[in-house]
Amino acid sequence: MLDKLQVVKQRYDEVSDLIIQPDIFSDQKRYVKLNKEYKDLGVVMKKIEQYEIALSSIAEAKEIISEEDDKEMIEMAKMELSEANAKIPKLEEEIKFLLIPKEESDSKNVVMEIRAGAGGDEASIFAGDLYRMYTKYCSDRGWKTEVVDISDGTSGGFKEIIFNITGVDVYGDLKFESGVHRVQRVPQTETQGRVHTSAATVMVLPEAEEFDIDLKTSDIRVDYYCASGPGGQSVNTTYSAVRLTHTPTGLVAQCQDQKSQHKNKDKAMKVLRSRIYEMELAKKLEADSALRKTMVSSGDRSAKIRTYNYSQGRVTEHRIGLTLYDLSSIINGDIHKILEELKLAENTEKLKMLGEDTF
């Protein structure tokens, strides 16, 4: 493993030298990529430093035990040896996971779309619950959320809501949330206390930068219309709402959240660019046979991924067979454990595919 770590060190030194070169700085696409690699390698380097300190402690302790006559010194060395030996397997495992190649898109911001599915008004209410769950989680992470487009439900919640999430490694954290989320509970409108099953679909798109996707103006049809609010209220008398249609793919993005036509167009363009980028990313993943075999797929939007059962206070993550009896905390934004378990399952699978010889 030490030989592999030496390669990592060399690459870290190489990248740290590259990012200060003027020609690299002038190439923003390459600079952003190298800067991200530098930060990621920095995390690995800290762990490598801990690993080398532990190895050094083992060597020093063994030397004291073999050469020292003082019983107290020998006893202390044995304790130090035991502690250092205990650290090694954990550090090696952590380093292995850190060295698993990351997807380039993991560092990107996110466009999240939540749509009410089967279940009528209750599905819209559940879509609203999911929106609050994600925004609370984002707030706890120090991420910023901004609504792009919204369609209110008739009895609360949303028929559809689209919002941006900005922060550090957002897509890498939330990408597995794409899919169908089910809720089992007694709706407020149910008079006989029967449990209903409703659903909402979540889509997590990596936000594409301008240099990720080359969008031609001639390929985009722009339509302006009057924004409207729930129940016909707050109707905008100016044509500030914007709908963009990408003619080659038929993909559509719209925004009416801002009073400014220009701001709405910018936000809609972000969504359109991200949808096109996500479509290309899905093709890449589909073409990669190894990724197709991974346990935690983020590509099948029709897959039922999670159930929130209110009567039992249970949340079940179907892809990895995880069940937690802490629904109240989870629906209030505490989804950290679920996300960590999903990432662990994915990384474990990737580690198997790479094979031990890689390390």
Over 24 Å (Cα to Cα) among K102/K159; K216/K265; K4/K90; K33/K350 -> K102/K159
Those trypsin sites (Lys or Arg not before Pro) in the range 129-219 that DSSP places in a loop and that have at most 16 other beta carbons within 10 Å:
R194, K216
In Å, the Kirkwood hydrodynamic radius of the range 2-98 over pairs of distinct alpha carbons?
15.7 Å
So if R0 is 41 Å, what FRET efficiency would E75 and R11 give, r being the distance between their Cβ atoms, rounded to the nearest 0.05?
0.50
Highest to lowest packing among 165-173, 219-227, scored as the average C-beta count within 10 Å:
165-173, 219-227
Which of K36/K87; K175/K283; K96/K343 have a Cα-Cα distance over 19 Å?
K36/K87
Taking only Cα atoms, what is the 0 to 90° angle, nearest 10, from helix 121-141's long axis to the longest principal axis of the chain?
40 degrees
Taking the Cβ-Cβ separation of S328 and T154 as r and a Förster radius of 22 Å, what is the calculated FRET efficiency to the nearest 0.05?
0.25
Among the lysines, which have Cα under 21 Å from the Cα of K259 when same-chain residues fewer than 8 positions away are ignored?
K144, K267, K270
Among S139, S26, S155: highest mean-square fluctuation, GNM of the chain, C-alpha pairs under 10 Å
S26
Can you tell me how the range 49-183 classifies by the Cα gyration tensor, rounded, prolate or oblate, using a/c under 1.5 as the rounded cut?
prolate
Max mean-square fluctuation residue, GNM over the chain, Cα-Cα springs under 10 Å, options Q50, Q256, Q184
Q50
If the elastic network links every pair of Cα atoms under 10 Å, which of V110, V32, V204 fluctuates the most in the Gaussian network model of the chain?
V32
Label point distance in nm, T247-H262, each placed 7 Å from Cα along Cα→Cβ:
2.7 nm
Using per-residue counts of other Cβ atoms within 10 Å, averaged over each peptide, order 68-81, 262-275 from highest down.
262-275, 68-81
Rounded FRET efficiency, nearest 0.05, which uses the C-beta distance separating Y239 from K46 and R0 of 51 Å:
0.45
I need the shape label for the range 104-348. Rule: rounded when a/c is under 1.5, else prolate if a/b > b/c, else oblate, with a, b, c from the alpha carbon gyration tensor.
oblate
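We did not get these values from a lab; they are worked out from the coordinates using the rules stated. The structure displayed is predicted, hence computed values, not measured ones. Ideal geometry is used to build each Cβ from the backbone, glycine not excepted, and the neighbour counts take in all protein chains shown.
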